[in-house]
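Following: one structure in structure tokens, then a few remarks.
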Amino acid sequence: MTGLNDIVVVGAGAAGATTAETLRRQGYDGRLTLLGAEPHLPYDRPPLSKQILTGHWEPDRIRLRAPEAYDRLGIDLRLGIPATRLDRTGRAVELADGSRLRADAVVVATGVRPRRLPGREGADRCGEPAGVYVLRTLDDALRLHAALAGGPRLVVAGAGLLGTEAAVAARRLGADVTLVCPARVPLLDLLGPHAAGLVAATHRGLGLRVRRDRVTAVTTARGAVTGVRLSDGSRLDADLVLVATGSVPCTDWLRGSGVSVEDGVVCDLLSAAGPGVWAAGDVANRPDPRTGRRGRWEHRTHAAEQAMAVARNLLAGTAARPFAPLPSFWTDQHDLKIQVFGDLAGTDRCHIAEGSPAEGRFTALYGAGDHVRGAVAVNMPRQAQRLRTLVETRAAWTDRPPQPTPLGAADT
């Protein structure tokens, strides 16, 4: 490829590894380096809060590719060496070990790090009290799994997808778990009322307690956790605290590079962040052509889709095409597999298309104005895919809601 002798992909998660692999499959034959801050081979993160945390899977099972796959693709995989600086003028990436890599193009796929509790933003440098955990890496999951032995009292600060999945896993291991979040119903905005209601009922059935409040501080004695302080001034006793209150993009190494950073790497519809710089995955802040809103999408499916688009656009030159995927994600909550397509925010109507929430198995369409804006499927994975088309095409919503195409005879 003319002018591209050296490409460096910074970040070896799903987005970074997929970018590197796609570059090769699209015909790029120059030098290709994939940098990972962790010492582990690139791995999948969704199982961390489920199968890895419960101990049902061994770590090797979540590898994205076998070690020999990177050699076969001619990818120079460098692990355990984070990038520290991007020198755009000198076309180079500087590493923590003092080395410097030439880069005609750089793909930023550094992902995010966990947000800390107020007053604990510097905990990565100074350390947390014994018993305070986050859950972002394989090592985080393995440490928390070991700590959950013996049925400790666990407070989970934050009840998003990560916090609720981890709370369910901890209950399965015998922990006494309390979820603390300000929402009246956890996950309501993400899943809609029917699916969120099922999740809440499932949590109650598992013995999970939900406290509507915010964790403001961790209380300690002799360097170990004793509980948490809530915004109403009360206190909850705890042996362990999992902080799952959101994330912060990993962009510190881009300071002074000239790359625009604002809640992630600011990029355009092509996922370009400037001449020779691209962004993919959780760290990318891009516009959504459907809504006009700019933001980051921290979901596994989006990371892979954007990574493939970045690789193609990086090599395409003037033939690059805008990246406009349909937002989608899934979550496993005990015996509920929930899939969401589109965006439920701002929708004002709902239609149960198949099944019934009372049966714990249904599909639903959500609309705003005269169009379908989102869809949810609970424990109906085959049927879920038929909802995607209705959301992608913004199917008309008149007096009679649109219906998914019936399953074919082979699927019944």
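The values are calculated or read from the model by the stated rules, or taken from the named source; none is laboratory data. Here the structure is a predicted model, which is why all the values come from computation and not from measurement. No Cβ is skipped: glycine too gets one built from the backbone with ideal geometry, and neighbour counts run over all protein chains shown. The area values use the complete protein model at the heavy-atom level, side chains included, leaving out ligands, DNA and RNA. Shrake-Rupley method; radii C 1.70, N 1.55, O 1.52, S 1.80 Å.
With a simple spin-label model that places each label point 7 Å from the Cα along the Cα-to-Cβ direction, the separation between V185 and N5 comes to 6.1 nm.
Over the stretch 57-211, the reciprocal of the mean inverse Cα-Cα separation, the Kirkwood hydrodynamic radius, stands at 19.0 Å. Stokes-Einstein diffusion for the stretch 1-128 at 4 °C, viscosity 1.567 mPa s, with a Kirkwood radius from C-alpha pairs, works out to 81 µm²/s. Work through the residues other than P59 whose Cβ is under 14 Å from its Cβ and net out their charges, Lys, Arg +1 and Asp, Glu -1. Its environment carries a net charge of -1.
Between R172 and E392, residue separation times 0.36 nm minus the direct Cα-Cα distance comes to 75.5 nm.
Once both labels are modelled 7 Å past Cα along the beta-carbon direction, what's the R349-R115 spacing in nm? So the label points at R349 and R115 sit 3.4 nm apart.
Spin-label model, D60/R212: points 7 Å from Cα along the beta carbon direction are separated by 4.9 nm. In the context of the full set of protein chains, the stretch 335-410 has a per residue accessible area of 48 Å² (1.4 Å probe).
With all protein chains present, how much of the accessible area of the chain (probe radius 1.4 Å) comes from carbon and sulfur, to the nearest whole percent?
The nonpolar share, carbon plus sulfur, comes to 49 percent.
Each listed q (0.06, 0.09 Å⁻¹) maps to a log10 I(q)/I(0) for the chain, found by the Debye formula over equal Cα scatterers with no solvent: -0.26, -0.60. Kirkwood analysis of the Cα pair distances in the stretch 310-351 returns a hydrodynamic radius of 13.7 Å.
Temperature 20 °C, viscosity 1.002 mPa s: under these conditions the Stokes-Einstein estimate for the stretch 234-327, based on its Kirkwood radius over C-alpha pairs, is 146 µm² per second. Legend: P(r) of the stretch 23-78 from all alpha carbon pair distances, 5 Å bins from 0, whole percents, reading 4, 17, 23, 20, 15, 11, 7, 3, 0. Only Cα pairs within less than 10 Å get springs; with that Gaussian network setup on the chain, which residue of Q339, Q306, Q383 has the largest fluctuation? Of Q339, Q306, Q383, the most mobile in the Gaussian network model is Q383.
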